[in-house]
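Peer 1: The structure follows.
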Amino acid sequence: MLHRLHLENILFLDIETVPEFETYKELSPIKQKLFTDKTQYQRKDEYTAEEFYDRAGIWAEFGKIVCISVGYFNFKGNERTFRTTSFFGEEVDLLKRFKLLVEDYFSQPQHLICGHNAKEFDFPYIARRMLIHGISLPEQLQLFGKKPWEIPHLDTLELWKFGDYKHYTSLKLLTELFNIPSPKDDIDGSQVRDVFYNEKDIDRIVTYCEKDVIAVAQLVLKLRQEDLLEDHELISV
């Protein structure tokens, strides 16, 4: 099935998220209580809610998206390229610009959106943040009433599971297994919050996010048993 897909019909993506506010104290009293309740199971007695707030970015209810990077294949004759671009800035603005891209270029029945662990994290996170901001969802994120085979989502983690729902494999491990250049050569997801709030270096986050997108595309090529992209085939726009 994977070999039958036309690569140019796939929009690869990755998102980077951080806590909605820099500190726990900036939350309203109600939000503080709700965050405390939400994280009780994970924290147990090891951390206070305030100490745990650095991790708030993993929940769409308490975090925000600071970067969405996308990539797509382009074929001209025997030449192929993989183009990446990123949306960053104010969250409501980057979500609107991402939505326009999807609706303008990747909204037909043959189109798919693809990420690693994206069905569990990226896709629902984007949808939830859009709704929080009052942005209507593009068709590619509308799941209600659709049969499983009608959902236009592709997840490399799911492809690697081969039906084993107990199995989780990180993108970093898969890139190591398949000799794909690692996207984690500078920072990893656990450091994005500090880079955003302390270093205020969004460019570093964008670079990291785009490397993840490229790694997911490379993984799909490997799963199709095709040649990896080379540096001259990668274009950032």
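Throughout, read-outs are computed from the coordinates displayed, never taken from laboratory work. All values derive from a computational prediction rather than experimental measurement. Please note: Cβ atoms are built from the backbone with ideal geometry, for glycine as well, and neighbour counts cover all protein chains shown.
Peer 1: Roughly what % of DSSP beta bridges within the chain run antiparallel, to the nearest 5?
Peer 2: So the antiparallel bridges in the chain amount to around 65 percent.
Peer 1: Quick one: longest stretch of the chain between exposed loop chymotrypsin sites (Phe, Trp or Tyr not before Pro), exposed meaning at most 13 other C-beta atoms within 10 Å and loop per DSSP? Could you put the intermediate results ahead of the total?
Peer 2: Details: sites that count: Phe144, Phe162, Tyr165, Tyr168.
Longest run free of exposed loop sites: 1-143.
Peer 1: Report the FRET efficiency, 1/(1 + (r/R0)^6), for Leu131 and Glu22, where r is their Cβ-Cβ distance and R0 is 22 Å, rounded to 0.05.
Peer 2: After rounding, the FRET efficiency stands at 0.35.
Peer 1: Amide H neighbours of Cys114 under 5 Å, counting only residues 5+ apart in sequence or on other chains, H built in-plane at 1.01 Å?
Peer 2: Close amide H contacts, sequence-distant or interchain: Leu11, Phe12, Leu13, Leu154.
Peer 1: Sticking with this one: State which stretch of the chain is the longest one without any exposed GluC sites (Glu not before Pro), exposure meaning a DSSP loop state and at most 11 other Cβ atoms within 10 Å.
Peer 2: Here the longest segment lacking exposed loop sites spans 91-229.
Peer 1: Under the rule of -39500 (n - 2.57) per DSSP H run of 4 or more residues, summed and divided by the residues of the chain, what mean residue ellipticity at 222 nm is obtained, to the nearest 500 deg cm²/dmol?
Peer 2: Mean residue ellipticity at 222 nm (helix-derived): -9500 deg cm²/dmol.
Peer 1: Oh, and also: For the stretch 84-99, what does the Karplus curve 6.51 cos²θ - 1.76 cosθ + 1.60, with θ = phi - 60°, yield as ³J(HN,Hα) per residue in whole Hz, taken in order and with x for Gly and Pro?
Peer 2: Values, residue by residue: 10, 8, 9, 10, 8, x, 5, 4, 4, 5, 5, 5, 5, 5, 4, 4 Hz.
Peer 1: Could I ask something else about it? Sort out for me the Cα centre separation of the stretch 204-222 from the stretch 54-103, rounded to whole Å.
Peer 2: 12 Å
Peer 1: Another question about this same structure. Explain nothing, just compute: Karplus ³J(HN,Hα) = 6.51 cos²θ - 1.76 cosθ + 1.60, θ = phi - 60°, for every residue of the stretch 59-72 in order, whole Hz, x for Gly and Pro.
Peer 2: Result, ordered by residue: 10, 5, 6, 10, x, 8, 8, 10, 7, 10, 10, 10, x, 8 Hz.
Peer 1: Please give every one of the aspartates and glutamates within straight-line cross-link reach of Lys166, meaning a C-alpha to C-alpha distance under 17 Å, and leave out same-chain neighbours fewer than 8 residues apart.
Peer 2: Of all the aspartates and glutamates, those that pass the test against Lys166 - Cα under 17 Å, at least 8 places apart if same chain - are Glu120, Asp155, Glu158.
Peer 1: Also, I was wondering about something else. Taking H as built 1.01 Å from N, whose amide H comes closer than 5 Å to the amide H of Thr17, not counting residues under 5 places away?
Peer 2: Sorted by chain and number, the residues that satisfy this are Val66.
Peer 1: In terms of Cα to Cα distance under 18 Å, which aspartates and glutamates are near enough to Lys44, apart from those fewer than 8 places away along the same chain?
Peer 2: Asp54
Peer 1: A further question on this structure: Among Lys161, Lys211, Lys99, which one shows the biggest mean-square fluctuation in a GNM of the chain, springs joining Cα atoms closer than 10 Å?
Peer 2: It is Lys161.
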